[in-house]
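Notes follow the structure.
Just so it is clear, none of the values below were taken in a lab; they were calculated from the coordinates. All figures in this text were calculated on a predicted structure; none of them were measured in a lab. Backbone-built Cβ (ideal geometry, glycine too); neighbour counts: all protein chains shown.
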Amino acid sequence: MFKSSLSYLAIMLMVPALLQTGCSTSEKQFSTLRNSIENINSSFEEAFKSGNIDNLSEFYTSDAQLMFPGAAAITGVDQIMAYWQGAVNAGVSNVKLQTTDVSGSANEVIEYGAYTIFAGDNITVDKGKYIVIWKKEGEQLKVFRDISNSDNPPPIARAGDNERIMIIQNYIKADKVEDFKKYNHEIFIPLLQKSNNPAGRTARLLEPIKANDDGTYTFIYLMDPTLGGPELYPMLPTLTDEYGEERAMEIFKSGFTGTFSKPQSINSYVVRGMGQ
């Protein structure tokens, strides 16, 4: 059992004394109420971290809803518990909740905040913001509506039926592999992200697991979907804008063209419906 159950109940017994009837709530009462909600959130975090999802059921009203992007509302305690169990099964290990403000009235409090979701050994997998509507159920303040959305950009829609992808194969000398990796991961890819180039956002770099028979390594640029030909993925112009013409050419030769064992091969393909 998670140790904060008793502390949660103790907090709930305090809440009615903090809520005043009527429509107005003083700044002091809001401050005290905010502290109480933050304490409840801390108990929620502990309950989630314990791995026993059943411990979360006491935080929700019987008709509570999770209203998250890209899905229908998740309604009722049983469905909400199933949702959180699915998150744990997928690797989510912890959540952090930060209250930024509260408003509302005696029996219905609105909390504004930010969340962080962790997987594994505290690896951040998502950050975002939320609005939670808290309502009294009996004498306890519980989550009635939980509405949130991520700060992460929406995922790229990959190529579907009859759409094209482009594969560029780069054959890299064994002693130049680290130069090619450094060029991509420390220079070119960050520049594409900085420029927010929509064509660049569809591209991925595939790294080989082992060497080819001749000792070279094949790195692949996968444009999925492709928005056009190679001219839409400007490498040297992007470097020139950042470093100037002379320095850009030095970087281009040492980290890119100078690593090739033979010229690139460029091929385009069309997707013909296998899977989703």
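Overview of results
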quantity: FRET efficiency, Lys210 to Asn267 (Cβ-Cβ, R0 25 Å, nearest 0.05); calculated: 0.70
quantity: Cα→Cβ-extended label distance, 7 Å offset, between Thr116 and Ser31, nm; calculated: 2.7
quantity: Total lysine pairs under 22 Å (Cα atoms) in the stretch 164-270, excluding pairs fewer than 8 apart on one chain; calculated: 19
quantity: Efficiency of FRET from Cβ geometry, Gln169 and Lys129, R₀ 51 Å, rounded to 0.05; calculated: 0.75
quantity: Centroid-to-centroid separation of the stretch 44-63 and the stretch 170-187 [C-alpha atoms, Å]; calculated: 48
quantity: Sequence-distant lysines (8 or more away, or on other chains) whose Cα lies within less than 25 Å of Lys49; calculated: Lys3, Lys96, Lys127, Lys129, Lys135, Lys142
quantity: Length released on extending from Ala82 to Arg247, taking residue separation times 0.36 nm less the Cα-Cα span; calculated: 53.8 nm
quantity: Nearest 10 degrees, 0 to 90: helix 245-255 Cα axis against the chain principal axis; calculated: 90
quantity: Förster radius 22 Å - calculated FRET efficiency between Glu139 and Asn52, Cβ distance, rounded to 0.05; calculated: 0.30
quantity: Relative contact order for the stretch 164-270, counting Cα pairs under 8 Å that sit 6 or more residues apart, in percent; calculated: 48
quantity: Difference of contour (0.36 nm per residue) and Cα-Cα distance, Ser62 to Lys96; calculated: 9.9 nm
quantity: Chain lengthening between Phe260 and Ser42 when straightened (0.36 nm per residue, less Cα-Cα); calculated: 73.1 nm
quantity: Amide hydrogen neighbours beyond the local backbone of Arg145, cut-off 5 Å, H modeled; calculated: Gln65, Ile133
